[in-house]
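Undergrad: So that we are looking at the same thing, I have put the structure below in structure tokens.
Values quoted throughout were computed directly from the atomic coordinates according to the rules given, and no laboratory measurement underlies them. Computed from a prediction, not measured in an experiment: that's the story for all the values here. Note: ideal-geometry Cβ built from the backbone for every residue, glycine included; neighbour counts use all protein chains shown.
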């Protein structure tokens, strides 16, 4: 019993330290030779009553609306608005164009591993985001799978690419939710840190349109919130 108590005390201490640390996404070793754009003027709070506008270098994210209803949705890449359990909308603007962007969610509970021998049930969701800049349709679709680990596809005018969540953190242990995401084609295309304040990475070889579309979709991923357990 004494040994068990020590194990629990150690585990609780780890959780306390994790909660106090200023966590950042653990940057993959191949996130090199890419442009890094930091999010600025981003509130630490989220929710319907919070101004969640922020900037990503030349891009402006504004009018974040979490008061979603299916009647205001157009649906995304196989995601039906009527079957979605929630969503949010935001405006993404470049110097030349803007997009009334949207993300849709379908919620379910997943078992998430913490440490060896420990797990918790966490509300996760499949979700999708869509951006339409200058008539282009770019979207990302993510599936939590049976283990709660997000993987999926991201599509722009140049093709469809693999996307997967990054869970490892520096400064804190993972709580089972994504710290960010990476997009891969023939090589690394880009990535995003969703932990606040956040940042994005863009490959030097991207076209201007792909840079804009990726950045718009990355903004949607930064705004993601798991469905409530209620």
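Undergrad: Roughly how many whole Å is it from the C-alpha centroid of segment 171-185 to that of segment 41-106?
TA: Segment 171-185 and segment 41-106 have Cα centres separated by 21 Å.
Undergrad: Evaluate the distance, in nm, between pseudo-label points positioned 7 Å from the Cα of residue 62 and of residue 168 along their respective Cα→Cβ axes.
TA: 3.9 nm
Undergrad: In nm, what is the difference between 0.36 nm times the number of residues separating residue 96 and residue 83 and their Cα-Cα distance?
TA: Numbers: separation 13, 0.36 × 13 = 4.68 nm, distance 3.42 nm.
Here the segment from residue 96 to residue 83 would lengthen by 1.3 nm.
Undergrad: If a/c stays under 1.5 just call it rounded; otherwise compare a/b with b/c (prolate if a/b is bigger, oblate if not). Do that for segment 24-222, with a ≥ b ≥ c from the square roots of the Cα gyration tensor eigenvalues.
TA: rounded
Undergrad: What length, rounded to one decimal in nm, is gained on full extension from residue 160 through to residue 44, with 0.36 nm per residue of separation minus their alpha-carbon distance? Please list the in-between numbers first.
TA: Numbers: separation 116, 0.36 × 116 = 41.76 nm, distance 3.24 nm.
Length difference between fully extended and current span is 38.5 nm.
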